[in-house]
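The values are calculated or read from the model by the stated rules, or taken from the named source; none is laboratory data. Not measured: the values here are computed from a predicted model. What goes into the accessible areas is simple: the full protein's heavy atoms, side chains included, and nothing from ligands, DNA or RNA. Shrake-Rupley method; radii C 1.70, N 1.55, O 1.52, S 1.80 Å.
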Amino acid sequence: MDINDNAELIDYVRSVNNEYRKIEKMHHKLDEDLKKMDGRYLTPDEEMLKKNMQKDKLIKKDRMMQILRDHKEKIKTQ
């Protein structure tokens, strides 16, 4: 499931699942912060921070996808 393929499901989950909304907000913030780092020289500490932020962003996206899959399955079984 691609996060952009099922906008209706995403809208539904966003409206009923607090965890999804919270994670989505953090994911968006990380994306914005990472974009600010692009195109400029980074110190070794900043590089490490960037890599950690990228990992955290991926973890959040994975969790969002899991929540969407769970809701999709729940809808199918109803």
Hey, does the range 28-49 have a residue that's open to solvent by less than 90 Å² (accessible area, probe 1.4 Å), outside any helix (DSSP H, G or I) and among the aliphatic types (A, V, I, L, M)?
yes
Select from the range 1-27 the residues that are in a loop (DSSP other than H, G, I, E, B) and not charged (D, E, K, R) and write down the one among them that is modelled with the highest pLDDT.
Asn17
Top-ranked residue in the range 1-27 [being of a type outside the set (S, T, N, Q) and open to solvent by less than 40 Å² (accessible area, probe 1.4 Å); ranked as farthest from Ile67 (Cα to Cα)]:
His27
